[in-house]
Amino acid sequence: MTTPLVLGILAGLVALGMLVAEALGIRWFTFDLGGGCHFPLWTLFAVYAALQLFVWRSQRRIHLSDAEVERWGPTLERVTPTIVSMYGERVPVREIAASLEASHGIPPGVTLRYIIALARHAREHQHETRPPA
């Protein structure tokens with residue numbers, strides 16, 4: 001599976017290779033835009049690499065940490081039926097988080113990341129149990 005981290009690293013390496021080639025005088029990766037203007041292709045790869053690394057970094061922040069699982073895991077297990085029920089009734093997730101904070105003291109950020117994890121888990125198992133077409 002290709003992750004944003006892998007894509008970011010690969011695109012960065014390609015950009016670096018193109019930059020080195022340009023520094024050595026090889027103009028294979030430079031487009032002539034006319035009027036003496038040139039556009040180096042390595043800049044697109046560098047921007048793409050930066051965006052992929054940004055996505056990877058952002059995704060890391062939406063997972064529950066080991067410390068949060070240890071601290072809140074048992075409580076989250078107990079309230080999972082409540083979360084699923086409220087989510088099924090189309091209660092906004094912010095309201096679900098606020099409700100669980102008031103009733104069980106679970107921080108809203110932990111609840112939101114747990115809901116994301118539940119949705120991912122359900123999506124993964126939905127694909128596994130779906131009959132072949």
(message) Using 0.36 nm times the number of residues separating residue 91 and residue 23, minus their current alpha carbon distance, what extension gain do you get?
(response) 18.8 nm
(request) Go ahead and set up a Gaussian network model of the chain, Cα springs under 10 Å, then flag whichever of 51, 16, 33 fluctuates most. (result) 33
(message) To the nearest 20 Debye, how big is the dipole of the stretch 12-133 about its Cα centre, given +1 on the beta carbon of each Lys and Arg and -1 on that of each Asp and Glu?
(response) 80 debye
(request) Within 10 Å of each residue's Cβ, count the other Cβ atoms and sort 104, 121 from fewest upward. (result) 121, 104
(message) Among 24, 41, 118, which one shows the highest mean-square fluctuation when the chain is modelled as a Gaussian network with alpha-carbon springs under 10 Å?
(response) 24
(message) Can you tell me the orientation of helix 42-60 relative to the chain, as the angle in degrees between its alpha-carbon axis and the longest Cα principal axis, to the nearest 10?
(response) 10 degrees
(message) Limiting things to C-alpha atoms, what are the Rg and the maximum Cα-Cα separation (Dmax) for the chain, in angstroms?
(response) 23.1, 68
(request) Quote the relative contact order of the chain in percent (integer), defining contacts as alpha-carbon pairs under 8 Å separated by 6+ residues. (result) 20 percent
(request) Note the direction-averaged projected area, equal to a quarter of the hull surface, for the Cα convex hull of the stretch 9-68, in nm². (result) 5.3 nm²
(message) Largest first and in whole Å, what are the equivalent-ellipsoid semi-axes of the stretch 66-129 based on the Cα gyration tensor, each being the root of 5 times an eigenvalue?
(response) 19, 15, 9
(request) For residue 103 and residue 16, compute 0.36 nm times the residue count separating them, minus their Cα-Cα distance, and round to one decimal in nm. (result) 26.0 nm
(message) With angles folded into 0 to 90 degrees, how steeply does helix 4-23 sit against the dominant principal axis of the chain? Use alpha carbons for both and round to 10.
(response) 10 degrees
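Every read-out reported here was derived from the displayed coordinates using simple, explicitly stated rules and does not represent laboratory data. Keep in mind it's a predicted model, so treat the numbers as computed, not measured. Here Cβ is always computed from backbone atoms with ideal geometry, including for glycine, and neighbour counts include all displayed protein chains.
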